[in-house]
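Input: a single structure, listed below in structure tokens.
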Amino acid sequence: MTKYTTPANSAMNSWRHVAEFFTHFVGLPNELDVTKTNASGALTIADAAGGGYGRLTTGATTPADNNGVFLATQGEIFKFDARHGFVLRSQLKFTPTGGNTDNVLAIGVQNAPTEDNFLADDGAGPRADYWGASIYKVDGGTTWICEVSAGTTQQALDTEITVDGSETTFEIEYIPAEGDASYGQVVFRIHGEIVRRPDTFAREPFTPEVSLAGATEMKGLVGHKTGAASELIVDINALGWAISLSN
């Protein structure tokens, strides 16, 4: 049987960190890049007592349906492999638009993301062929969805956790299997709690296993795409990650 560290106790507690990053957006971070469709899409610092917010906007210059913007690492520094575990965390809030015409990637890792493909147009969610993991909502949807993708194979769960626009913490953790170089496991947390299957009596944790065959490097990112011809704004209070070397 493949063995993993108990998800309830983050594997980060027992591993040696090889890289860490955290920003509370008291200034614009130099380590992250903004990729956008609209020319005026941007990351700015919003006024807030106790520290600012990173305000990520899709752009107000002739806004169009399916304008996208995301904030990402400059390189593909994450990978589902046998040696390196990682965890990413974001804290964000936004005002859901009328008719829920917004697509929001609360936190994710993806290979080769672009402003067009990190979320597909018209509420279709992440693309059908990528390596990564995501917590997101779609145009017309009102709940958060978790997904792991290994190329053309996806494992997804509608958490039935309502998107209400309140400030929420999201986390994705990847844990290599102990003594097995072929598999890893992904754990999702929302509001600090492990995401569970809402349709099971025991409310089993949704912790999908992923084969590492063919895995490729990924960027970490947060972003959103409009579901109508209007600007969409997401405020990011904090964003961070840790990459660790397994024992």
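The values are calculated or read from the model by the stated rules, or taken from the named source; none is laboratory data. Since the structure is predicted, the reported quantities are computational estimates derived from the model, not experimental observations. Positions of Cβ are backbone-derived with ideal geometry, glycine not excepted, and every protein chain shown enters the neighbour counts. Accessible surface areas use protein heavy atoms only, side chains included; no ligands, DNA or RNA. Shrake-Rupley method; radii C 1.70, N 1.55, O 1.52, S 1.80 Å.
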Give all pairs with beta carbons closer than 6 Å in which a residue from region 65-76 that is under 14 Å from G108 (Cβ atoms) and polar (S, T, N, Q) meets a residue that is buried (at least 21 other Cβ atoms within 10 Å of the Cβ) and at pLDDT 95 or above; count only pairs at least 6 apart in sequence or on separate chains. T73/K219; T73/G220
Taking the stated definitions as given, is A181 without any contact (Cβ under 8 Å) to a residue 24 or more places away in the chain, of a type in the set (A, V, I, L, M) and open to solvent by 30 Å² or more (accessible area, probe 1.4 Å)? no
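Look through F206, F201, F170, F188 and report the one residue that is of a type in the set (A, V, I, L, M, F, W, C) and under 23 Å from R55 (Cβ atoms). Please lay out each step first, then the result.
Values: F206 fails: under 23 Å from R55 (Cβ atoms); F201 fails: under 23 Å from R55 (Cβ atoms); F188 fails: under 23 Å from R55 (Cβ atoms).
The unique qualifying residue is F170.
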Quick one: which strands (runs of 3 or more DSSP E) sit completely within region 32-81 and have at least 1 residues that are open to solvent by less than 40 Å² (accessible area, probe 1.4 Å) and basic (K, R)? none
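Let's see how each residue does on (1) among the hydroxyl-bearing types (S, T, Y); (2) closer than 24 Å to I145 by Cα; (3) touching a residue at least 60 places away in the same chain (Cβ under 8 Å); (4) in contact with a Gly (Cβ under 9 Å, 6 or more places away or on another chain):
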residue: E20; (1), (2), (3), (4): no, no, yes, yes
residue: G27; (1), (2), (3), (4): no, no, no, yes
residue: F80; (1), (2), (3), (4): no, yes, yes, yes
residue: T97; (1), (2), (3), (4): yes, yes, yes, yes
residue: N103; (1), (2), (3), (4): no, yes, yes, yes
residue: P113; (1), (2), (3), (4): no, yes, yes, yes
Going through (1) buried (at least 21 other Cβ atoms within 10 Å of the Cβ); (2) more than 30 Å from A64 (Cβ to Cβ); (3) among the β-branched types (V, I, T) one by one, V138 fails only at (2)
So, first residue basic (K, R) in region 210-233, second residue surrounded by fewer than 18 Cβ atoms within 10 Å (Cβ to Cβ), Cβ within less than 8 Å, six or more apart or across chains; the pairs are K219/G75; K219/I77; K225/D121
Within region 91-98, is there a residue that is among the polar types (S, T, N, Q) and at pLDDT 95 or above? yes
Filtering region 90-129 down to residues that are assigned to a loop (DSSP other than H, G, I, E, B), at positive phi and surrounded by fewer than 17 Cβ atoms within 10 Å (Cβ to Cβ), which residue is nearest to the chain's Cα centre (by Cα)? A112
Region 193-217, subset acidic (D, E) and within 19 Å of the chain's Cα centre (by Cα), residue most open to solvent (accessible area, probe 1.4 Å): E193
